[in-house]
1. Kindly list the number of the only condition in (1) modelled with pLDDT of 90 or more; (2) within 27 Å of the chain's Cα centre (by Cα); (3) assigned to a strand (DSSP E or B) that fails for ARG122.
2. Would you confirm, using the coordinates I've provided, whether THR117 is within 23 Å of GLY269 (Cβ to Cβ) and in the same structural domain as HIS179 (by TED's automatic domain parsing)?
3. Could you tell me which residue of region 205-224 is surrounded by the most Cβ atoms within 10 Å (Cβ to Cβ), considering only residues that are farther than 16 Å from PRO266 by Cα and touching a helix residue (DSSP H, G or I) at 6+ places or on another chain (Cβ under 9 Å)?
4. As an exercise: evaluate ILE137 against (1) part of a helix (DSSP H, G or I); (2) modelled with pLDDT of 90 or more; (3) not acidic (Asp, Glu) and give the number of the one condition it does not meet.
5. Given (1) of a type outside the set (Lys, Arg); (2) outside any loop (DSSP other than H, G, I, E, B); (3) over 27 Å from the mean Cα position of the chain (by Cα), identify the lone condition not met by SER275.
6. Based on what the data block shows, is GLY241 at pLDDT below 80 and either under 28 Å from ILE137 (Cα atoms) or among the small types (Gly, Ala, Ser) (or both)?
7. Given the residues ILE148, ILE205, which is the only one that is farther than 30 Å from ALA281 by Cα, part of a helix (DSSP H, G or I) and β-branched (Val, Ile, Thr)?
8. Out of GLY171, GLY166, GLY202, GLY182, which single residue is at pLDDT 80 or above, assigned by TED's automatic domain parsing to the domain that holds GLY127 and surrounded by 14 or more Cβ atoms within 10 Å (Cβ to Cβ)?
Amino acid sequence: SRSTRIVAPAAANETAAEGQAAGGPRKTEAGATIRVDLDRVDRLIDLVGELVINQAVLAQRVMEAGLARASAVAMGLDELEQLTREIQDSVMAIRAQPVKSVFQRMPRLVREVAAMTGKPVRLVTEGEGTEVDKTVIERLADPLTHMIRNAIDHGLENPEKRAAAGKPAEGVVKLSAAHRSGRIVIEVSDDGGGINRERVKGIAIEKGLISAEATLSDEEIDNLIFMPGFSTAAEVSDISGRGVGMDVVRRSIQALGGRITISSKPGKGSTFTMSLPLTLAVLDGMVVSVQNQTLVAPITAIVETLQPKAEDVHSLGGHARVISIRGGFVPLIDVGMALGYRNEPLPATQGVALLIEGEGGARAALLCDAIQGQRQVVIKSLEANYRQVPGVAAATILGDGRVALILDIDTIVTVSRGDMRKAG
């Protein structure tokens, strides 16, 4: 049965204090631990989620009753909100574990694949102590295995080719983890030859994945390797060539509410970056209105909010627009249009823009009808209860009992950028 260990440092401190009081030698003792079945911890997290929802319901009722912010009830509710947040943070800390448990499995994998391919490989790891929710850790092993096998088999060149290119015979695969903007970012990079874009495009055309006349950017060509059935292996082996690989990785990462991106330089190597939520339970969100619908945008992606001015908005033809912000231009994306809530774009001056920054650093402005406020929301999987919806990461329950959709900002921006290129 699944179980986890919970550290109780207070108990260890009490033991040390008792030893000192008794005149014994001062010792540094390890924190006492207890084993708890994971199902119990999961149940506790579910209850905390319901507590957050009920606190939101109470806040809604107090607001509807018209009670002043300075009233005793409202002040008590504020204290309850702070207490709820502290309880939630404490419960999440129980499930948080370092990614070291997954990283420790990889050296053996690297040795095995290196032996199969005949390539000398050195694995470098960083950020093993980075903590993330146990649920995320459990589902990281398979994607990382695929990516490291891919980096060694396809990314690193043979020793002869490396020598000809002036590189050390030993290839390097780097696996790193770090916290960034409220998410965990895991990178798998190699110092190989990079993605051969001409070959990738040729194989995609040969397999009928794209048309021969298609004009693709370097980024779009790189992303072809995520298409189902795609493989650059010349023959089927124990490592690759079966057409099951990077598409599985992308689906696994998306199922966790994450994104995977590629950065590749010919002759220098490739870097695959996975960005994942720290927890699958709650998030801080900005609640907005779009065409009488209530949506939630993750706070971690929002840089600022602004009221668009007519002179700052420029049309690119069709429905594509950009907005000038501090001397630069960023795409202005109508959320209602992107999700199919309306057929005609909202006049920019009648809405509110959320300046957001995606995982790759690209910025865009999301145009909404109005902002309702900021609050903590409980994440409910839309895929598990309904099906996957493009542009929507998950759902939540609001204080009035209604279901609100949580925006998948990266997908909305990516699709809108593609539409904008077509318009240009």
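1. Among (1) modelled with pLDDT of 90 or more; (2) within 27 Å of the chain's Cα centre (by Cα); (3) assigned to a strand (DSSP E or B), ARG122 violates only (2).
2. Values: within 23 Å of GLY269 (Cβ to Cβ): yes; in the same structural domain as HIS179 (by TED's automatic domain parsing): yes.
The answer is yes for THR117.
3. Just the residues of region 205-224 that are farther than 16 Å from PRO266 by Cα, to begin with: 205-216, 224.
Restricting the remaining residues to those that are touching a helix residue (DSSP H, G or I) at 6+ places or on another chain (Cβ under 9 Å) gives 209-212, 214, 216, 224.
Numbers: LEU209: 15, ILE210: 15, SER211: 9, ALA212: 9, ALA214: 12, LEU216: 15, LEU224: 20.
Only one residue tops the list, namely LEU224.
4. The single condition ILE137 does not satisfy is (2).
5. (3)
6. Details: at pLDDT below 80: yes; either under 28 Å from ILE137 (Cα atoms) or among the small types (Gly, Ala, Ser) (or both): yes.
So GLY241 passes the test.
7. Details: ILE148 fails: farther than 30 Å from ALA281 by Cα.
ILE205 is the lone residue from the list that is farther than 30 Å from ALA281 by Cα, part of a helix (DSSP H, G or I) and β-branched (Val, Ile, Thr).
8. Details: GLY166 fails: surrounded by 14 or more Cβ atoms within 10 Å (Cβ to Cβ); GLY202 fails: surrounded by 14 or more Cβ atoms within 10 Å (Cβ to Cβ); GLY182 fails: at pLDDT 80 or above.
Sole residue among the options that is at pLDDT 80 or above, assigned by TED's automatic domain parsing to the domain that holds GLY127 and surrounded by 14 or more Cβ atoms within 10 Å (Cβ to Cβ): GLY171.
The values are calculated or read from the model by the stated rules, or taken from the named source; none is laboratory data. Worth saying up front: this structure is predicted, and the values here are computed from it rather than measured. As a convention, Cβ positions derive from the backbone with ideal geometry for all residues, glycine included, and neighbour counts pool all protein chains shown.
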